[in-house]
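Worksheet: the structure to be examined is printed underneath.
The values are calculated or read from the model by the stated rules, or taken from the named source; none is laboratory data. None of these values were measured; they are calculated from a predicted model. Here Cβ is always computed from backbone atoms with ideal geometry, including for glycine, and neighbour counts include all displayed protein chains.
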Amino acid sequence: MPATLAAIAEFLGIELKGEQGRTLTGAAPLEKAGPEHLSFFANSKYAAELASTRAGAVVCSAADAERIPQGCVAIVSANPYLDFARTVARFFDGRPRLEEGVHPTAVVHPTAVLMPGVGVGAGAVIAAGARIGEGTRIHPLAFVGNGCVLGRDCVLHPHAVLYDGCVLGDRVVIHAGAVLGADGFGFAPVPPQGYVKVPQIGWVQVGDDVEIQANACIDRGALGPTVISRGVKIDNLVHIAHNVEIGEHTAMAAQTGIAGSTRIGRWVTFAGQSAVGGHLHIGDQAIVTGQAGVGKNLPPKAVVSGSPAQPMLEHHRGLAELNRLPELKRRVKELEAKLRAWEALSGDGGAAL
């Protein structure tokens, strides 16, 4: 919906100098924004885009305010990215919201309990004994299994699947194709016949304000829960195995994999395609960089790279030495040639050396 700069400034709790009556109708990146758009600047790599932007207003730091081009209003913020996100969510996120009520084609078991304000879309299924909290939205073709419990204001997008017994806190968002509560990878080998499946009789426990994005898979515990704590953010195509415990506000980028029974601390960061072995402990605020493979416990605030993972600076030094190998090889060949020439001149095969 349209918003004046005065309304935005009031919402953010900041003092605005400029055309407070100007009205904006949406948000856009710097290079595509027009006079009707809000944008933001938080990274010096985009200085050229800032210099040429046509945006009506830009959220930026105090240090960058003087770089805002003429005709554009600076909205000065201590955290531009955060305040831009808050503003877009408040004024410019016009995506339709599933309406309250149960669609005629949805299947809701008679023993399921739906609190006031729940919306259930076409073809969604809510199984026996499930409890759906106030204001939660179950989008078309999502599935909520037997005995699941969902808190207030959760969102299950189309084709999200909760197997039996999953427990979600408040304001949890599960995106399309994500699967919570599938069996963990537990098989007892019986050579030569094959494998016997180990029953996976645990569940998945998800805290408040967690977001799990498309096609992520979180396995139920073999015994007891797999735990995703409050505020965790999980990207597309992440796999979390059975009985993993993830601490508050940890973030995992796409294609991360965590093997079974590993315990991860608070505010840990996993970059894309990183992996952690089973039965390990990752300390608070550790950082695992892209494609790193962790095979041992990490202390708090560790920063590791490579596979096997090692402290990031050591890893980068090692890569630098590897890059020097062609030059070292050339120098060795030159020294060998000089040595052969010296031996030929000495006439004694180098014995004099």
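Note on region 260-318: among residues that are among the basic types (Lys, Arg) and on the phi < 0 side of the Ramachandran plot, the one that is modelled with the lowest pLDDT is Arg317. The set of residues in region 1-13 being within 30 Å of the chain's Cα centre (by Cα) and either over 18 Å from Gly94 (Cα atoms) or in a helix (DSSP H, G or I) (or both) consists of Ile8, Ala9, Phe11, Leu12, Gly13. In region 14-28, the residues that are farther than 10 Å from Ile75 by Cβ form Cβ pairs under 7 Å with partners that are among the polar types (S, T, N, Q), at six or more places apart or across chains, as follows: Gln20/Thr4; Gly21/Thr4; Arg22/Thr4; Thr23/Thr4; Ala27/Ser39; Ala28/Ser39. Summed over region 87-133, the residues that are touching a residue at least 60 places away in the same chain (Cβ under 8 Å) and crowded, with 17+ Cβ neighbours inside 10 Å give a count of 3. Of the candidates Gly257, Gly283, the single residue that is buried (at least 18 other Cβ atoms within 10 Å of the Cβ), under 22 Å from Arg230 (Cα atoms) and not β-branched (Val, Ile, Thr) is Gly257.
When we screen Val125, Val155 for residues that are within 20 Å of Cys217 (Cα to Cα) and in contact with a Ser or Thr (Cβ under 8 Å, 6 or more places away or on another chain), the only hit is Val155. Annotation: Gly135 fulfils all but one of (1) out of contact with any helix residue (DSSP H, G or I) (no Cβ under 9 Å at 6 or more places or on another chain); (2) outside any loop (DSSP other than H, G, I, E, B); the unmet one is (2).
For every residue, the table says whether it meets (1) closer than 26 Å to Pro116 by Cβ; (2) assigned by TED's automatic domain parsing to the domain that holds Ala124; (3) surrounded by fewer than 17 Cβ atoms within 10 Å (Cβ to Cβ).
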{"position": "Pro158", "(1), (2), (3)": "yes, yes, yes"}
{"position": "Val173", "(1), (2), (3)": "yes, yes, no"}
{"position": "Leu180", "(1), (2), (3)": "yes, yes, no"}
{"position": "Gly186", "(1), (2), (3)": "no, yes, no"}
{"position": "Pro191", "(1), (2), (3)": "no, yes, yes"}
{"position": "Ile212", "(1), (2), (3)": "yes, yes, no"}
{"position": "Gly224", "(1), (2), (3)": "no, yes, yes"}
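Selection over region 207-232 of residues that are within 14 Å of Ile258 (Cα to Cα) and of a type outside the set (Val, Ile, Thr) gives a count of 5. As a summary of the residue check, Leu141 satisfies the conditions (1) in contact with a Gly (Cβ under 7 Å, 6 or more places away or on another chain); (2) at negative phi except for the one numbered (2).
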